[in-house]
Amino acid sequence: MKQFIIKSNDADQRLDRFILKAFPELQKSVMYKAIRTKNIKLNGKRCEISTRLRAGDELKIFINDELLGNQKTEKKQVFRSGSSLKKEDIIYEDENIILLNKKPGVIVHSDSKNDTDTLADRLKNYLYKHGEYDPASENSFAPALCNRLDRNTAGIVIGAKNAAALREINKKIRENSVVKKYLCLLSALPDKPKATITAWHRKDNATNIVTVMKEEFEGSKQIITSYRVIDPSFGGHVLAEVELVTGRTHQIRAHMAFIGCPIAGDTKYGRADVNERSGFEYQALCAYRLLFKKTTEENVLSYLEGREFECRDIWFLA
């Protein structure tokens, strides 16, 4: 029998999601059967899959250990990263969130090629060392990064220190209450100094390359991108600000390339001759500005609404 006392970071989530986080090797069918047969009880009573947990609840799980598998632990994961956050990596921090300045070349989350030094691991290490995260005392929660940037894209990444902040940031992102703006160097001058452009986008999961076309095609989704030219002759490139209306894989890089203005240094969608002349190791793209829109609903992050944060250390502007 496994017993949990639900803590604040476990609360306000569905019962089934908590259990699967705590025991990732547990088969869903086994869990569902245990709930039906009262082998999973909440506060000594029968519960449902969709029951939402509250702080202080007592959860008992009567499932054989071999079926449960190993309980998830972050103990090893916290210390995987060979690097740690530095003072200059932090744009803003409070008890709920942290805004990080991701450098190009750093991966946000682990993938098939790199799972030993990620920004997510660096965040966990940082919070552990500062006494804000103890994996041994958590049942299911771990600090998390809420938005993703490509490995070779720089800029602001939002980290959540607790479950309530994580839920609220994810909600704000879904509702487009978080505005992200990018600076980039384009290889050519767009036809218009300012525009909102649309196209159709499809990602090939096998190659991790996206195709952009003017008209809708099989498997495609619409993309909308806004841009404005800031300086048409910035060191031989075009300095522009870009804002995503939709958010698809490689959207800025692929969309700007589609209109004939690829980002300098982009080896996947850019121009080889321009990239060779620039000598850039990475694509000149940075998520440099973040705005929390005001909402009418009171929430745990209401104090951030209306505030704007900016990344001033942009490598291609130095």
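Can you work out which of the residues in the range 134-171 that are in a loop (DSSP other than H, G, I, E, B) and under 16 Å from Lys21 (Cβ atoms) is nearest to the chain's Cα centre (by Cα)?
Pro143
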Checklist outcome for this item: Within the range 149-204, residues being of a type in the set (Gly, Ala, Ser) and closer than 30 Å to Asp134 by Cα number 7
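Rundown of residues vs (1) surrounded by 15 or more Cβ atoms within 10 Å (Cβ to Cβ); (2) closer than 26 Å to Ala164 by Cβ; (3) touching a helix residue (DSSP H, G or I) at 6+ places or on another chain (Cβ under 9 Å); (4) modelled with pLDDT under 90, yes/no style:
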{"residue": "Ile5", "(1), (2), (3), (4)": "no, yes, no, no"}
{"residue": "Leu15", "(1), (2), (3), (4)": "yes, yes, yes, no"}
{"residue": "Ile19", "(1), (2), (3), (4)": "yes, yes, yes, no"}
{"residue": "Lys28", "(1), (2), (3), (4)": "no, no, yes, no"}
{"residue": "Met31", "(1), (2), (3), (4)": "yes, yes, yes, no"}
{"residue": "Asn39", "(1), (2), (3), (4)": "yes, no, yes, no"}
{"residue": "Leu42", "(1), (2), (3), (4)": "yes, yes, yes, no"}
Checklist entry - In the range 188-214, which residues are among the hydroxyl-bearing types (Ser, Thr, Tyr) and in contact with a Gly (Cβ under 6 Å, 6 or more places away or on another chain)? => result none
Next on the checklist: All but one of (1) in contact (Cβ under 8 Å) with a residue 24 or more places away in the chain; (2) on the phi < 0 side of the Ramachandran plot; (3) not in a strand (DSSP E or B) hold for Leu291; state the number of the condition that does not hold.
Outcome noted: (3)
Checklist outcome for this item: Of (1) exposed (fewer than 15 other Cβ atoms within 10 Å of the Cβ); (2) part of a loop (DSSP other than H, G, I, E, B); (3) at pLDDT 95 or above, Thr296 fails just (3)
Item to check | Tyr303 vs. criteria of a type in the set (Phe, Trp, Tyr) and part of a loop (DSSP other than H, G, I, E, B) | outcome: no
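So if I check each of Gly236, Gly247, Gly260, which one is surrounded by fewer than 17 Cβ atoms within 10 Å (Cβ to Cβ) and within 30 Å of Gly306 (Cα to Cα)?
Matching residue, one of Gly236, Gly247, Gly260: Gly247.
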Checklist entry - Restricted to the range 256-279, and to residues that are under 24 Å from the mean Cα position of the chain (by Cα) and of a type in the set (D, E, K, R), which residue is farthest from Arg228 (Cα to Cα)? => result Lys268
Checklist outcome for this item: By my count, helices (runs of 4 or more DSSP H) wholly in the range 1-68 with at least 1 residues that are over 21 Å from Asn170 (Cβ atoms) and of a type outside the set (Val, Ile, Thr) are 28-36, 65-68
Next on the checklist: Looking at Ile107, Ile98, Ile158, Ile173, can you tell me which residue is out of contact with any Asp or Glu (no Cβ under 6 Å at 6 or more places or on another chain) and farther than 29 Å from Arg54 by Cα?
Outcome noted: Ile107
Next on the checklist: Every residue in the range 142-172 that is touching a Leu at 6+ places or on another chain (Cβ under 8 Å) and either more than 25 Å from Gln283 (Cβ to Cβ) or outside the structural domain of Leu100 (by TED's automatic domain parsing) (or both), please.
Outcome noted: Pro143, Ala144, Ala160, Lys161, Ala165, Glu168, Ile169, Lys172
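Yes or no, residue by residue, for (1) among the β-branched types (Val, Ile, Thr); (2) crowded, with 18+ Cβ neighbours inside 10 Å; (3) closer than 26 Å to Tyr303 by Cα:
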site: Asp117; (1), (2), (3): no, no, no
site: Ser137; (1), (2), (3): no, no, no
site: Arg148; (1), (2), (3): no, no, yes
site: Glu168; (1), (2), (3): no, yes, yes
site: Ile173; (1), (2), (3): yes, no, yes
site: Leu185; (1), (2), (3): no, yes, no
site: Asn205; (1), (2), (3): no, no, no
site: Val210; (1), (2), (3): yes, yes, no
site: Glu216; (1), (2), (3): no, no, no
Checklist outcome for this item: Within the range 150-165, the residues that are in contact with a strand residue (DSSP E or B) (Cβ under 7 Å, 6 or more places away or on another chain), modelled with pLDDT of 95 or more and not hydroxyl-bearing (Ser, Thr, Tyr) are Ala154, Gly155, Ile156, Val157, Ile158, Gly159, Ala160, Lys161, Ala165
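The values are calculated or read from the model by the stated rules, or taken from the named source; none is laboratory data. This structure is a prediction, so every number in the text was calculated from the model and none was measured. Positions of Cβ are generated from backbone atoms using ideal geometry, with glycine treated the same way; all protein chains shown enter the neighbour counts.
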